[in-house]
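A.B. asks: Pasting in a structure now, in structure tokens, and then I'll have a few things to ask.
The values are calculated or read from the model by the stated rules, or taken from the named source; none is laboratory data. Because the structure is predicted, anything quoted here is derived from the model rather than measured. Positions of Cβ are generated from backbone atoms using ideal geometry, with glycine treated the same way; all protein chains shown enter the neighbour counts.
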């Protein structure tokens, strides 16, 4: 696929950023310009998914693993409903891995199961295959999802303007990820925070308004991936057939919820503890629906089982299936740092040396994801943003100072036991 784009220093003419700063920024003495979009002086590499079958298989397996961990985490809502984007998380982690070395790089490869070779090249091929469906989320009428799916994937990197960022790293992001790089002043929260939020809002069609990581002016690095999806079903559900039907929760409580019904020619498979269908959209995508057997524990649907589901559905011939499917409109937010550390990325989130190729002394400070989805008779609309923030240790703000120039308390403490052997107060040190 010959999708070469010469990248150079460009002025960012994004109306969304300008509008956000005009409406959301606090008043300042002088007007602030929108951040400039900077990309390395490099061409986007041509890529074809057919050249990387083993690598794409590794990415599929990694995405399934990440997805099951996200589902098990449950997100911040804690209501049992979960929507996540393992694809968005995988792309963001791949961009971070492009600048990793040493123990962190080895740990990421092992825990995430990333390809052993051609890692960035094969991710470029994956992204290029999705770009065939690229479109502007703002153009979508979400009440009438498009017959040709709109799949918008955007990668962005906001860096502190006074912090050196590795040219080789920026070149890799430009060649293989098409990543926009925005030098900003993180210390000026009134401008930079709404600029990042505007990037999120624009690339999710307004479905997600704010970046998932809480803004911290001490950060020097914020990496983002956004995924927007909108598509009509191949065969839409007839709204006349939608009515309240019973839905039994895990604890046995029965609810009456709006449920669609229709007959479709779909791939169907059944295995130990589950049955599943691939419900196709009009072009290029399907919603895989997996129904565990009644009484089956949640952990049955692990990454290995989901891989077997995918294999079985891939081999199944379409057949007429009557489908009853509830409508839903859900959202989730995840603290990815805690989740990924539990998953095994301990060195990745503790090192201040293995990301030197990105920024000197860089260490990760936060990671989060926000996602939402709307499923109805005509189709599906969904969006997700994954954000990974970091800080250049050399750029950390000066330590706070303390001057004992007024009455103060003191203790002499035995460190091993914590026993205060002496305790006192100085009211006048003379």
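A.B. asks: Does residue 185 satisfy the criteria of being more than 21 Å from the chain's Cα centre (by Cα), closer than 24 Å to residue 95 by Cβ and without any contact (Cβ under 8 Å) to a residue 60 or more places away in the chain?
C.D. replies: Here the answer is yes, as residue 185 does meet what is asked.
A.B. asks: Scan the range 245-255 for residues that are in a strand (DSSP E or B) and either under 33 Å from the mean Cα position of the chain (by Cα) or at pLDDT 95 or above (or both) and jot them down.
C.D. replies: Residues satisfying the conditions are 247, 248, 255.
A.B. asks: Is it the case, given these coordinates, that residue 84 is in a loop (DSSP other than H, G, I, E, B) and under 23 Å from residue 179 (Cβ atoms)?
C.D. replies: Yes; evaluated as a whole, the condition is true for this residue.
A.B. asks: Identify, by number, the condition in (1) at pLDDT below 50; (2) more than 30 Å from residue 188 (Cβ to Cβ) that residue 84 doesn't meet.
C.D. replies: So the condition that residue 84 fails would be (1).
A.B. asks: So, one more: Looking only at the range 201-213, how many residues end up being in contact with a strand residue (DSSP E or B) (Cβ under 7 Å, 6 or more places away or on another chain) and part of a loop (DSSP other than H, G, I, E, B)?
C.D. replies: 7
A.B. asks: Right, another one. List pairs: first in the range 280-300 and within 14 Å of residue 266 (Cβ to Cβ), second at pLDDT below 85, Cβ under 7 Å, 6+ apart or cross-chain?
C.D. replies: As it stands, the answer is 290/301, since those pairs meet every condition given.
A.B. asks: Within the range 367-390, restricting attention to residues that are part of a strand (DSSP E or B) and in contact with a helix residue (DSSP H, G or I) (Cβ under 6 Å, 6 or more places away or on another chain), which residue is nearest to residue 151 (Cα to Cα)?
C.D. replies: 384
A.B. asks: Right, another one. List the number of the failed condition for residue 102; all other conditions in (1) buried (at least 16 other Cβ atoms within 10 Å of the Cβ); (2) over 17 Å from residue 224 (Cβ atoms); (3) at pLDDT 95 or above hold.
C.D. replies: Failing condition for residue 102: (1).
A.B. asks: Another question about this same structure. Would you be able to say whether some residue in the range 345-362 is in a loop (DSSP other than H, G, I, E, B), in the same structural domain as residue 222 (by TED's automatic domain parsing), closer than 29 Å to residue 228 by Cα and out of contact with any strand residue (DSSP E or B) (no Cβ under 8 Å at 6 or more places or on another chain)?
C.D. replies: Scanning the range 345-362, I find at least one residue that is in a loop (DSSP other than H, G, I, E, B), in the same structural domain as residue 222 (by TED's automatic domain parsing), closer than 29 Å to residue 228 by Cα and out of contact with any strand residue (DSSP E or B) (no Cβ under 8 Å at 6 or more places or on another chain), so the answer is yes.
A.B. asks: Could you look through the range 127-144, keep only residues that are in a helix (DSSP H, G or I) and free of Cβ contacts under 8 Å to residues at least 60 places away in the same chain, and pick out the one that is surrounded by the most Cβ atoms within 10 Å (Cβ to Cβ)?
C.D. replies: 130
A.B. asks: Can you confirm whether residue 234 is farther than 21 Å from residue 74 by Cβ and over 27 Å from the mean Cα position of the chain (by Cα)?
C.D. replies: yes
A.B. asks: Name the pairs whose Cβ atoms lie under 6 Å apart, with the first residue in the range 234-247 and within 13 Å of residue 322 (Cα to Cα), the second assigned to a strand (DSSP E or B), and 6 or more positions between them or separate chains?
C.D. replies: 235/264; 237/260; 237/262; 241/261
A.B. asks: Something else now. Considering (1) modelled with pLDDT of 90 or more; (2) not in a loop (DSSP other than H, G, I, E, B), say which one residue 284 fails and leave the rest.
C.D. replies: It is condition (2) that residue 284 fails.
A.B. asks: Restricted to the range 33-48, and to residues that are closer than 15 Å to residue 155 by Cβ and modelled with pLDDT under 65, which residue is surrounded by the fewest Cβ atoms within 10 Å (Cβ to Cβ)?
C.D. replies: Among those that are closer than 15 Å to residue 155 by Cβ and modelled with pLDDT under 65, it is 40.
A.B. asks: Given the criteria assigned to a loop (DSSP other than H, G, I, E, B), closer than 23 Å to residue 229 by Cα and at pLDDT 90 or above, does residue 314 qualify?
C.D. replies: In short, no.
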